[in-house]
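Asks: Starting off with a structure, shown below.
Read the figures in this text as sums done on the coordinates, not as results from a lab. What you see is a predicted model; the values in this text were computed from it and never measured. Every residue, glycine as well, gets a Cβ built from its backbone with ideal geometry; the counts of neighbours run over all protein chains shown.
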Amino acid sequence: MPVVLARVDDRLIHGQIVEGWVPFVGADAIYVVDDEICLDESRCRLMRMILPSGLGLRIISAPELCEALSSDRLSRVLILFNSLNSLVAAIKNGFSMENINVGNIHNLRGGHQITPTVFLNKDDITLVKKLHDMGIVLEVRDVPDGRCHDLFKLVCNEDVHR
């Protein structure tokens, strides 16, 4: 089963995902990966309610991702991570992908504005560098037809890693 897009977006399922990214990449299932969100029944119920019929949804923890992907051989999956931390947790549990899309990381934890939709605090910047060192490219692009930027290069150019 192919992963057609892996994206960090703290808004998770919303119009831009359902109306823009899903058709753009031809996804027929969405996996939301976050160790805390998968335990929050209210948030899970809300995401199930707003998802259009015909689009599969799994809300799982990072350790469950690889098993879920290997058991679902028919779907074209769009993976949504709530944060860079969730992405790193999935990687530590065996998930692998060379390019990860970064859509939105809001300034809820304090941080420096890197793009209009991405704010990174010191911990996030450390993770960006760690992912870069692992050979993973974090591509900032909010909508399918938007400009794509390498997050590592933006972080280095902004000199926000002090």
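Asks: Which chymotrypsin sites (Phe, Trp or Tyr not before Pro) does segment 1-33 hold that lie in a coil by DSSP with at most 11 other beta carbons within 10 Å?
Replies: In loop regions of segment 1-33 (DSSP not H, G, I, E or B), there are no sparsely surrounded chymotrypsin sites (Phe, Trp or Tyr not before Pro).
Asks: Also: How high is the relative contact order of the chain, in percent, with contacts defined as C-alpha pairs under 8 Å that are six or more residues apart?
Replies: The value is 27 percent.
Asks: Longest segment of the chain with no GluC sites (Glu not before Pro) in a DSSP loop having at most 15 other Cβ atoms within 10 Å?
Replies: The answer is 99-162.
Asks: How far apart, in nanometres, would the label points at residue 108 and residue 41 be if each is projected 7 angstrom from Cα along the Cα-to-Cβ direction?
Replies: Label-label distance for residue 108 and residue 41, simple model: 2.2 nm.
Asks: For the chain, what is the mean residue ellipticity at 222 nm derived from helices alone (per DSSP H run of n ≥ 4: -39500 (n - 2.57); sum divided by total residues; nearest 500 deg cm²/dmol)? Write down the numbers at each step before the final one.
Replies: Numbers: 6 runs with 50 residues, N = 162.
Helix contribution divided over all residues of the chain: -8500 deg cm²/dmol.
Asks: Follow-up question, since we're still on this one. Specify the angular offset, from 0 to 90 degrees and rounded to the nearest 10, of the alpha carbon long axis of helix 41-50 from the longest principal axis of the alpha carbons in the chain.
Replies: 80
Asks: Assuming 0.36 nm per residue, please report the length gained on full extension of the stretch residue 129 to residue 72 beyond their Cα-Cα distance.
Replies: Extra length from residue 129 to residue 72 when fully extended: 17.4 nm.
Asks: Same structure again: Explain nothing, just the number: dipole magnitude of segment 1-45 about its Cα centre with +1 on each Lys and Arg Cβ and -1 on each Asp and Glu Cβ, in debye rounded to the nearest 20.
Replies: In debye, rounded to 20, segment 1-45 gives about 180.
Asks: Could you work out the local net charge near residue 25, counting Lys and Arg as +1, Asp and Glu as -1, over the other residues with Cβ closer than 15 Å to its Cβ?
Replies: So the surrounding residues net to -3.
Asks: Here is a further query. Give, rounded to the nearest 20 debye, the magnitude of the charge dipole that the chain has about its Cα centre when Lys and Arg contribute +1 at Cβ and Asp and Glu contribute -1 at Cβ. Numbers along the way, then the final one.
Replies: On the way: 17 positive and 22 negative charges, 11 e Å.
The dipole magnitude comes to about 60 debye.
Asks: Another question, if that's okay. Let me test this: with uniform point scatterers at the alpha carbons of segment 36-162, what is the Debye-based log₁₀ I(q)/I(0) at q = 0.20 1/Å?
Replies: -1.30
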